[in-house]
Amino acid sequence: MYATHPHTGSRARLFGVVSSAVMLVGAGYMFSYGMIQDYIAPPPDPTELVIITPETPQEVLPLPEIKEVKADLPPPPQLTAPPVEFVPDIPPVIVAPPAPVEPVVAAPAPAPTGNRSSPKLRSTDKPPYPAASIRASEQGTTKLELCVSAQGRVQSVSVAGTSGHARLDEAAAKWVRTARFAPGTIGGQAQSMCGYNIFYEWNLKDARS
């Protein structure tokens, strides 16, 4: 006799396999969903639009009127400067000692002027006419002032008036230094005299004669 036995072992294994697969898929889904939740950022908060109504300006009240308060103050005291006596600075008077009295010396009596005569030129020679002055047609009068000694010699000579040409003046002074004079006399006696003047006229006619 043949007896039949149910195949319960194969079904149990199949059910276990299917259950394991379902659990594995569920675990994978749960793991994947959790990872995605970590990487996906949450949606931003919705923006709320709020309309602000401006406040009604408050009424500005006027400032209270300020009244000037006059204080009854006493008048300021009057200051009076004391009188100051002005005393000018008077310099001291310096009294110089009297100057010594010098003895008065009487001036010598002037020499008698009676019978006074001036020196006189003895030479009749004329000074030579400078050749350069002849070529330049120079002429004029030279005034010479002399001092003549008691011996009739010229002690000093100076040009007291120019002829207008230096060459003629120098020639006249050179000539008169060697001239001989009769000395001046006072009271018949020969005296040295200064301030004696001689005028010499330079004329081109004399140069050509």
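Summing Lys and Arg as +1 and Asp and Glu as -1 over all other residues whose Cβ lies under 11 Å from the Cβ of A172 gives a net charge of +2.
In this structure, the amide hydrogen of W202, modeled 1.01 Å from its nitrogen in the peptide plane, lies closer than 5 angstrom to those of G140, T141, T142, counting only residues at least 5 positions away or on a different chain. Net charge in the neighbourhood of G152 (other residues with Cβ under 11 Å of its Cβ; Lys, Arg +1, Asp, Glu -1) is +4.
Relative contact order for the range 116-208: 42 percent, from Cα pairs under 8 Å spaced at least 6 residues apart, divided by residue count.
None of the figures in this text is laboratory data; all of them are computed from the coordinates on show. Owing to the predicted nature of the structure, the values given are computational and were not obtained by experimental measurement. Glycine also receives a Cβ, built like all others from the backbone with ideal geometry; neighbour counts cover every protein chain displayed.
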